[in-house]
There are 2 protein chains.
Amino acid sequence: MDVAILVYDGFTALDATGPFEVLSRLPDVRVRFVAGTPGMTPADQPGFALEAAPLESMDRPDVVVVAGGSTTQRLLGDDALLTWLRRAHETSRWTTSVCTGSLLLGAAGLLEGRRATTHWYELESLRGFGAEPVSERVVEDGRIMTAAGVSSGIDMALHVVDRLEGAAYAQAVQLGIEYDPQPPHDAGSVGKAPVEVVRLMTDVMRRSYGPSWAELTTPAT
Amino acid sequence: MDVAILVYDGFTALDATGPFEVLSRLPDVRVRFVAGTPGMTPADQPGFALEAAPLESMDRPDVVVVAGGSTTQRLLGDDALLTWLRRAHETSRWTTSVCTGSLLLGAAGLLEGRRATTHWYELESLRGFGAEPVSERVVEDGRIMTAAGVSSGIDMALHVVDRLEGAAYAQAVQLGIEYDPQPPHDAGSVGKAPVEVVRLMTDVMRRSYGPSWAELTTPAT
């Protein structure tokens, strides 16, 4: 079984590592980070980089994972990347994304008419690709599975393992990585975080990430 | 604020990346992976490696995170590493571990008389270092915070952010990484997973990781 995790300069470290940790535990698996520009690929937070192989090194992956990041918007017109995604999806068992990675699936035309999700800050942007934005942690539609922000890749990957190998195997992997989450607060979604925290984080995102794709592409009235 | 995440050949990717992703969001922070043998440091699953700086490059970190891995037992007699840990702990605000990383804190003598946790497979081994093993996800005792297996580093790091910057800040970071976990099963701890899954995973650990430290160091009767 071949798993390709797509990264790029400015990907989010946990978007890629969460699925890596889970999917590495599939039987007889080879998990590889791939990138349009191969080599050491820095994440969006300083101090983290992963070595990525060329896209061509995995042209028929069984599972595709597209990581999100702070720079995803810049790749939405990258023909080589989108062509590889479309081609990989033709034969994949699961084509998946974490966080803003779903914008790339959208740009490749793979979310047309599908339910999909992404990081809450970009959720409405999915409409621009003909998708129906869904505020859920993991959204399955056909052979496509999209996940919400950053940490949701762990949940998504466990769903993939469940689909490929069954419940007992997925439970064993979950126990292996002891995924029994108990964060100190219950503030992990826009619906659960206090209103002022959502406002604060929206401001932080606006300054660090910039406007959402929907805002950038909606004609001014 | 300086954060040092200790890794080594055979560390677990998510042990290091979970805390990295959370602690990178502290204000004015510099997060650096460090290792006794610096350079590209491979994780315990093939295809993942991080560049690590020498231990000496961060001799007074504010936060220390010791990652776990499949090879931690081999480092329990590594004097240079243990000396660095003891010295770093003298001035750190928080000295923390994920998964089997707590065995290294134990070997450095830092868990003597303290409550602590680790991956469930190694939990009893903490007694050999004079610690009281606690089956909780995150255990705080003095300035030491230990976490359970692999994924628990995310929860632990959010606790550290909460302690350093307060609840609203920790909630904002949690929302930023959208940590609103919804795994497909509730099998992330020994107490929650079905008995046969615990048995299966214990067998897998015995084959892949080997005997626990407690088993290796208990004299045969």
Note, the stretch A:21-27: 3J(HN,Hα) by Karplus (6.51, -1.76, 1.60, θ = phi - 60°), whole Hz, Gly/Pro = x, goes 4, 6, 6, 4, 8, 5, x
Long-range HN-HN contacts of B:Gln45 with modeled amide H, under 5 Å = B:Ala13
So which residue, out of A:Arg87, A:Arg137, A:Arg199, gets the largest mean-square fluctuation from a GNM of chain A using Cα contacts under 10 Å as springs?
-> A:Arg199
Copies compared at A:Ala168 - label distances in nm, ascending, label defined 7 Å from Cα in the Cβ direction | 5.1
Per-residue ³J(HN,Hα) for the stretch A:146-152, Karplus 6.51 cos²θ - 1.76 cosθ + 1.60, θ = phi - 60°, Hz, x for Gly and Pro = 10, 10, 6, x, 5, 6, 5
³J(HN,Hα) across the stretch A:202-207 via Karplus (A = 6.51, B = -1.76, C = 1.60, θ = phi - 60°), whole Hz, x for Gly/Pro?
-> 5, 5, 4, 5, 4, 6
Which residues qualify? For A:Glu51, with a placed amide H closer than 5 Å and at least 5 residues away or on another chain, they are A:Thr41, B:Ala49
Pseudo-spin-label distance B:Lys192 to B:Thr217, built 7 Å along Cα→Cβ, given in nm, is 3.0
Near the amide H of A:Ala131, under 5 Å away, which other amide H atoms are found, from residues 5 or more places off or on another chain, if H is placed in the peptide plane?
-> A:Gly113
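B:Ala80 to A:Arg163: FRET efficiency via 1/(1 + (r/R0)^6), r the Cβ-Cβ distance, R0 41 Å, to the nearest 0.05? Could the numbers behind the result be given before it?
Details: r = 46 Å, r/R0 = 1.12.
Once the sixth-power term is evaluated, E becomes 0.35.
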Which whole number gives the average, over all residues in A:41-48, of C-beta atoms from other chains lying within 10 Å of the residue C-beta?
-> 5
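When the Kirkwood radius is taken over all Cα pairs of the stretch B:2-183, what Stokes-Einstein diffusion coefficient follows at 20 °C and 1.002 mPa s, in µm²/s?
Approximately 135 µm²/s, per Stokes-Einstein.
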Teacher prompt: B:Arg60 distances to equivalent labels in other copies, 7 Å Cα→Cβ, nm | 5.9
Most exposed first by the Cβ proxy, i.e. fewest other Cβ within 10 Å, how do A:Val29, A:Val195 rank?
-> A:Val195, A:Val29
Say a label goes 7 Å from Cα toward Cβ at A:Arg207 in every copy; what distances in nm does this one have to the rest, shortest first?
-> 5.2
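Each value in this text was obtained by applying a stated rule to the coordinates, not by laboratory testing. Small disclaimer: the values here were computed from a predicted structure and weren't measured. As a convention, Cβ positions derive from the backbone with ideal geometry for all residues, glycine included, and neighbour counts pool all protein chains shown.
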